[in-house]
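One structure is given below, encoded as C-alpha cells.
The values are calculated or read from the model by the stated rules, or taken from the named source; none is laboratory data. A quick note: this is a predicted structure, and the numbers were derived from the prediction, not measured. Every residue, glycine among them, receives a Cβ derived from its backbone with ideal geometry; neighbour counts consider all protein chains shown. Accessible surface is based on the protein model in full, side chains and every heavy atom, while ligands, DNA and RNA are left aside. Shrake-Rupley method; radii C 1.70, N 1.55, O 1.52, S 1.80 Å.
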Amino acid sequence: MAKDRTRSLLELLIQVNREVAAALDLRTVLQRLLFAALQNVGGERGSIVVLDDNGKPMDATIVYGTSLHEHTTQQLRETVDRGLAGWVVRHRKAALIPDTSQDERWLRRPDDTLNKNGQKSAICVPLLARERLVGVLTLVHPLPNAFGPEHLELMQAIADQASIAVLNARLYTESLRQARVMTALADGAAAFSASLEVREVWQRVLNQTMQAMQVETVAIGLIEGPEQGLVFRAAAGQNAGNILDRRIPGGQGLAGLVAREGHGMIILNVKEDKRYTEADRFSGIEANAIALAPIQSQGKTIGVLEAINPVSGIFDPDALTVMTGIGGLAGTTIRNAQLFEQLQNAHQRYRELFEESIDPIFITDLEGRVIEANREAIRLSGFQTDDLHKMSIDQLHEVNWNKTGMEFENLINETGRNYESILHKADSGGVPVEVYARRVEFEDTDSIQWTLRDISERKELDSLREDLTAMIYHDLRSPLGNIVSSLDVLGGMIGEDESTRSILSIAVNSTDRIQRLVNSLLDINRLESGQTIATQKTVNPQELIEAAVRDVMPSATGRHQKVEIQIAGTLPNIWVDADMLRRVLINLLENAIKFSKVGATITIGAQKDENSARFWVQDNGPGIPSSEHKHIFEKFARVKGKDKPGGLGIGLAFCRIAVQAHGGMIWVESKEGKGSNFIFTLPVMSE
Ligand code: ADP
C-alpha cells in the first residue's frame with residue numbers, strides 16, 4: 001500500500017511538473033496547477049492566490065468544476081485578509097478542514113449562503129519557494145470529511161512543485177512588465193528628445209503617455225507665476241480642449257499635492273478619494289481613475305503629468321512606474337525646450353536691437369573680420385553688405401590699438417573700450433565717430449561688437465566754438481586795449497562835471513568786464529593747451545578780496561545788494577597770478593550778484609586751512625541741484641530752466657581751470673532753493 005502511495009505520488013509530481021514546465025505565463029501556470037490538483041486530490045472548486053513580496057495578493061485563479069471563475073481584487077483581498085487562506089498565509093502552515101461548518105477559519109462567501117449550513121471540507125496549503133511565501137492553494141469539496149491526511153499529503157507535494165513554478169512565472173511576468181516599462185520609457189526618451197520646440201515636445205509627451213498608459217485623456221500642467229500655480233498648457237484625448245489654459249491656484253487639489261510633494265500617485269477611484277477636489281475637475285470629463293506624476297527637471301518639480309481614465313477601466317500595476325518615468329524624462333526635455341525658447345527669444349531680441357539701433361554696429365570675429373553690419377552701419381559707411389563681409393574692422397576705421405591691444409586682447413580679456421576715431425566711407429570721405437568695442441556672443445560665436453556713434457555734429461559745434469573764441473580774443477583784444485587807453489586819456493581831460501564823470505565810469509566798468517572776459521578766454525585756451533602760469537607773485541589774500549569786491553561794487557549797488565567780507569584770523573600770503581585770481585573772485589561774485597534777489601546780501605570770505613587758504617563766495621540765491629554740481633564747471637555749461645539770467649557758461653569753467661592751474665580745488669555746496677556757496681582752495685606759501 002505504502003509503495004502504491006509513493007508511486008502514485010511520484011506519478012502525480014511528474015504529471016504536475018509536465019503540466020507546468022511548458023508554461024511561463026503566470027495565468028497559464030496557475031490554471032494548469034489548479035486543474036492538476038483538482039484532478040488528483042479531488043474537490044469541486046479550488047483557487048490559487050499569488051502573493052507579492054509584501055504578502056499582498058497580486059493575482060489569482062479560481063476554478064469551479066471545469067470552468068474559470070471571474071474575481072475582483074477586492075474579493076482576493078478579503079480571502080487573504082480574513083478567510084482560511086489568510087490563516088495559512090499568517091501561519092505559513094497547511095490547514096485541513098474536514099468540516100467547514102465547524103471551523104472558525106472558514107470565511108463564508110455570499111454563495112455559501114444558499115446552503116448556509118452546507119458542510120464542506122477544505123484543504124489549504126502555503127506555496128513556499130525557498131522560504132519565500134509566493135501564494136496559497138485551496139481546494140474545497142462539497143461534502144464534509146471528503147479530505148483526509150492523505151489528501152493533505154498530496155496537496156503538499158503539489159505545493160512544493162507549484163511554488164517553484166509560481167515563483168518562476170511571477171519573476172517572468174515581472175521581467176516582462178519591467179521590459180514593458182523600459183520599452184515605454186526608452187520610446188519616450190527617443191521621442192521627446194527628437195525636438196527642441198516647446199509645443200512639439202508637449203505633444204510628444206502627450207502621445208507617449210497616451211500610448212503607454214492607454215488612457216482616455218492626458219494633460220500637462222506647468223508651474224507658473226509668482227504663487228506657483230499650475231497652468232495646463234497641453235492636453236490630448238477626450239475633451240482635451242476643456243483642459244487647455246486651466247489654472248489651478250498654488251497647491252490646490254491632487255495636482256497641487258503632486259506638484260508640492262514631488263511624487264506620483266494613482267487614484268483608482270476618484271469619487272472615493274477626499275483629496276480629489278473641485279480644483280482637479282475638468283469640465284466635460286468625468287474622471288474615474290487618474291494617474292499623476294511630477295514633471296521634474298534637475299530635482300525640481302516644474303509641472304504635473306496627468307493621465308485620466310484608463311481605457312480598460314483599471315490601471316496596470318506598473319502604471320505609477322511608467323508615469324513617474326515619463327514625468328522625469330519629460331521634465332528634462334521640457335526644461336531644455338523652454339531654455340532653448342528663451343535663448344532663441346534672446347537671440348531674436350538682440351537681432352532686433354542690433355538691426356534697429358540708431359547707432360552703426362559692426363560685429364567681427366576675434367581677428368576683426370566683419371561678420372555682420374546693421375542697417376545704420378551700412379547706411380553710414382556707404383558699403384554694400386557683401387563688401388563689408390570682405391573687410392576687416394581696421395579697414396573701416398582707425399583702430400586705437402593702444403586701447404584695443406594689437407590683437408584685440410584688451411577687448412577679449414577685459415571690459416569694453418571706447419575712443420574717438422574716423423569711419424572711412426565707401427566714397428573715401430570720413431565721419432568722426434566715437435567707438436565702443438566689446439566682446440559679445442553673437443549667434444553662439446565669440447565676437448567683438450563695435451558700436452559707432454556719429455559725432456560729426458558735436459565736432460562741428462566744438463570747432464565753431466573754438467573759432468568763436470579765437471575770433472573774440474584776436475579781433476577784440478587789441479581794439480579793446482585801444483578803448484581802455486582812450487578812456488584813460490579821456491578821464492584826464494574831462495573836468496569835475498558829475499554827470500560826465502558817471503557816464504565815463506560806466507564806460508570804464510563795462511570795458512573792464514569785456515576785458516576780463518577776453519582775458520579769461522585767453523587764459524582758458526593757454527592753460528588747456530598745457531602752458532603754465534607765467535606771472536606768479538606773492539599776494540595778500542585780503543587785498544585780493546578787497547580789490548575784487550571794489551570791482552563788482554557798481555553791479556551790487558545797482559541791485560541794492562550788500563557784499564560782506566568775512567576774514568577769519570590772519571591769512572598767509574599766497575603765490576599766484578594776482579590778475580587771474582582776482583578774475584576768479586569777480587566771476588564768483590558776479591554770479592552771486594546776478595543770481596541773488598535785489599537787496600540780498602552776499603558774503604565773500606577766506607580762512608587758513610591746514611596747508612591751504614580757503615576762499616568762498618556765498619549767496620542766498622536759487623541754489624543749484626546736486627546733479628549739476630560737477631557739470632557747471634564744464635565749459636558752456638548752464639543749468640537748464642527758464643527765468644535764469646543768461647550767460648555764456650564760461651565763467652565757472654575759467655574759475656576751475658585757473659584754480660587747478662594754481663594747484664587748488666574748487667567746488668560748490670548748494671541745495672536747490674537754499675543758496676550756493678562756491679569754495680576754492682589754494683596752496684599757501686611755505687615760510
Ligand atoms: P554763466 O553765468 O555765464 O552762465 P557760469 O560758468 O558762470 O556761466 O555758470 C554756469 C551756470 O552755473 C550758470 O548758468 C548758472 O546756471 C549756474 N550758477 C553759477 N553760479 C550760480 C549761483 N551763484 N547761483 C545759482 N546758479 C549759479
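Examine segment 85-104 for a residue that is part of a helix (DSSP H, G or I), closer than 23 Å to ARG132 by Cβ, at pLDDT 75 or above and among the basic types (Lys, Arg), and state whether such a residue exists.
Of the residues in segment 85-104, the ones part of a helix (DSSP H, G or I) are 85-91, 100-102.
In the following step, the residues that additionally are closer than 23 Å to ARG132 by Cβ were identified as 85-91.
Okay, now just the ones that are also at pLDDT 75 or above, so 85-91.
From what is left, the residues that are among the basic types (Lys, Arg) are 90.
Scanning segment 85-104, I find at least one residue that is part of a helix (DSSP H, G or I), closer than 23 Å to ARG132 by Cβ, at pLDDT 75 or above and among the basic types (Lys, Arg), so the answer is yes.
Does SER463 qualify as being of a type in the set (Gly, Ala, Ser) and free of Cβ contacts under 8 Å to residues at least 12 places away in the same chain? Break it down stepwise before answering.
Numbers: of a type in the set (Gly, Ala, Ser): yes; free of Cβ contacts under 8 Å to residues at least 12 places away in the same chain: yes.
It is true that SER463 is of a type in the set (Gly, Ala, Ser) and free of Cβ contacts under 8 Å to residues at least 12 places away in the same chain.
Could you check, for segment 494-508, whether at least one of its residues is within 19 Å of VAL584 (Cα to Cα) and part of a loop (DSSP other than H, G, I, E, B)? Give the steps one after another, and end with the answer.
Residues of segment 494-508 within 19 Å of VAL584 (Cα to Cα): none.
For segment 494-508, residues within 19 Å of VAL584 (Cα to Cα) and part of a loop (DSSP other than H, G, I, E, B): absent.
Just one of PRO554, PRO572 is more than 16 Å from the ligand (Cβ to nearest atom), open to solvent by less than 60 Å² (accessible area, probe 1.4 Å) and within 28 Å of ILE524 (Cα to Cα); which is it? It would help to see each step written out before you state the result.
Numbers: PRO554 fails: open to solvent by less than 60 Å² (accessible area, probe 1.4 Å).
Being more than 16 Å from the ligand (Cβ to nearest atom), open to solvent by less than 60 Å² (accessible area, probe 1.4 Å) and within 28 Å of ILE524 (Cα to Cα) holds for just one of PRO554, PRO572, which is PRO572.
Go through segment 54-79 residue by residue and tally those that are in contact with a Pro (Cβ under 9 Å, 6 or more places away or on another chain), among the hydrophobic types (A, V, I, L, M, F, W, C) and open to solvent by less than 30 Å² (accessible area, probe 1.4 Å).
As a first pass, look at segment 54-79 and keep what is in contact with a Pro (Cβ under 9 Å, 6 or more places away or on another chain): 58, 73, 76-77, 79.
Still in the running and among the hydrophobic types (A, V, I, L, M, F, W, C): 58, 76.
Subset that is open to solvent by less than 30 Å² (accessible area, probe 1.4 Å): 76.
Of the residues in that region, 1 qualify.
Just to be sure, is ASP497 acidic (Asp, Glu) and loosely packed, with under 12 Cβ neighbours inside 10 Å? I'd like the intermediate steps shown before the answer.
Numbers: acidic (Asp, Glu): yes; loosely packed, with under 12 Cβ neighbours inside 10 Å: yes.
So ASP497 passes the test.
Does GLU564 satisfy being open to solvent by 10 Å² or more (accessible area, probe 1.4 Å), more than 13 Å from the ligand (Cβ to nearest atom) and out of contact with any strand residue (DSSP E or B) (no Cβ under 7 Å at 6 or more places or on another chain)? Even if it seems obvious, please write down each step before you answer.
Details: open to solvent by 10 Å² or more (accessible area, probe 1.4 Å): yes; more than 13 Å from the ligand (Cβ to nearest atom): yes; out of contact with any strand residue (DSSP E or B) (no Cβ under 7 Å at 6 or more places or on another chain): no.
Criteria not met by GLU564.
What is the one condition in (1) acidic (Asp, Glu); (2) surrounded by fewer than 16 Cβ atoms within 10 Å (Cβ to Cβ); (3) closer than 30 Å to ASP359 by Cβ; (4) modelled with pLDDT of 85 or more that ASP467 does not satisfy?
Unmet condition: (4).
Within segment 536-548, take every residue that is away from the ligand (no atom under 16 Å from the Cβ) and more than 17 Å from PRO683 (Cβ to Cβ) and give me the one that is most open to solvent (accessible area, probe 1.4 Å).
First, the residues of segment 536-548 that are away from the ligand (no atom under 16 Å from the Cβ): 536-547.
Those still in the list that are more than 17 Å from PRO683 (Cβ to Cβ) too: 542-543, 545-547.
On the way: GLN542: 77, GLU543: 118, ILE545: 0, GLU546: 75, ALA547: 21 Å².
If we take residues in segment 536-548 being away from the ligand (no atom under 16 Å from the Cβ) and more than 17 Å from PRO683 (Cβ to Cβ), then GLU543 is most open to solvent (accessible area, probe 1.4 Å).
Pairs only if they're at least six apart or on different chains, beta carbon under 7 angstrom, first in segment 661-676 and without any contact (Cβ under 8 Å) to a residue 24 or more places away in the chain and over 17 Å from LYS597 (Cβ atoms), second open to solvent by less than 20 Å² (accessible area, probe 1.4 Å) and of a type in the set (A, V, I, L, M, F, W, C); list them, first residue then second.
Partner pairs satisfying both residue conditions: MET665/VAL659; MET665/PHE680; GLU669/ILE679.
Can you name every residue in segment 575-631 that is hydroxyl-bearing (Ser, Thr, Tyr) and either within 16 Å of the ligand (Cβ to nearest atom) or in a helix (DSSP H, G or I) (or both)?
Filtering segment 575-631 down to residues hydroxyl-bearing (Ser, Thr, Tyr) leaves 596, 601, 603, 612, 626-627.
Those that are hydroxyl-bearing (Ser, Thr, Tyr) and either within 16 Å of the ligand (Cβ to nearest atom) or in a helix (DSSP H, G or I) (or both): SER596, THR601, THR603, SER626, SER627.
Please go through segment 337-360 and pick out each residue that is buried (at least 17 other Cβ atoms within 10 Å of the Cβ) and closer than 18 Å to ASP444 by Cβ.
First pass over segment 337-360, keeping only residues buried (at least 17 other Cβ atoms within 10 Å of the Cβ): 337, 354, 360.
Residues satisfying the conditions are ALA337, PHE354.
Scan segment 596-622 and report the pairs whose first residue is buried (at least 19 other Cβ atoms within 10 Å of the Cβ) and whose second residue is in a strand (DSSP E or B) and of a type in the set (D, E, K, R), with Cβ atoms within less than 7 Å and a gap of 6+ or a chain change.
Going by the 7 Å Cβ cut-off, the qualifying pairs are ALA606/ARG614.
So GLY251 fits all but one of (1) at pLDDT 90 or above; (2) closer than 25 Å to GLU227 by Cβ; what number is the exception?
Status for GLY251: all satisfied but (1).
Given the structure, is SER283 polar (S, T, N, Q) and in contact with a Lys or Arg (Cβ under 6 Å, 6 or more places away or on another chain)? Can you show your working first?
Working: polar (S, T, N, Q): yes; in contact with a Lys or Arg (Cβ under 6 Å, 6 or more places away or on another chain): no.
Answer is no for this residue.
Looking at this structure, is ILE412 among the hydrophobic types (A, V, I, L, M, F, W, C), in contact with a Lys or Arg (Cβ under 7 Å, 6 or more places away or on another chain) and modelled with pLDDT under 95?
Numbers: among the hydrophobic types (A, V, I, L, M, F, W, C): yes; in contact with a Lys or Arg (Cβ under 7 Å, 6 or more places away or on another chain): yes; modelled with pLDDT under 95: yes.
Here the answer is yes, as ILE412 does meet what is asked.
Give all pairs with beta carbons closer than 8 Å in which a residue from segment 25-44 that is under 23 Å from THR173 (Cα atoms) meets a residue that is of a type in the set (Ser, Thr, Tyr) and open to solvent by less than 10 Å² (accessible area, probe 1.4 Å); count only pairs at least 6 apart in sequence or on separate chains.
Short answer, once both residue conditions are applied: ARG27/THR61; LEU30/THR61; GLN31/THR61; LEU34/THR61.
Pull out all pairs, ordered by first then second residue, where Cβ-Cβ is under 8 Å, the residues are six or more apart or on different chains, the first lies in segment 157-174 and is of a type in the set (S, T, N, Q), and the second is part of a helix (DSSP H, G or I) and open to solvent by 20 Å² or more (accessible area, probe 1.4 Å).
Filtered contacts from segment 157-174: GLN161/LEU13; GLN161/ASN17.
On the given criteria, is LYS630 farther than 27 Å from THR538 by Cα and open to solvent by 70 Å² or more (accessible area, probe 1.4 Å)?
On the way: farther than 27 Å from THR538 by Cα: yes; open to solvent by 70 Å² or more (accessible area, probe 1.4 Å): yes.
So LYS630 passes the test.
Given (1) in contact with a Lys or Arg (Cβ under 8 Å, 6 or more places away or on another chain); (2) among the hydrophobic types (A, V, I, L, M, F, W, C); (3) touching a residue at least 40 places away in the same chain (Cβ under 8 Å), identify the lone condition not met by ALA94.
Here ALA94 meets the rest and fails (1).
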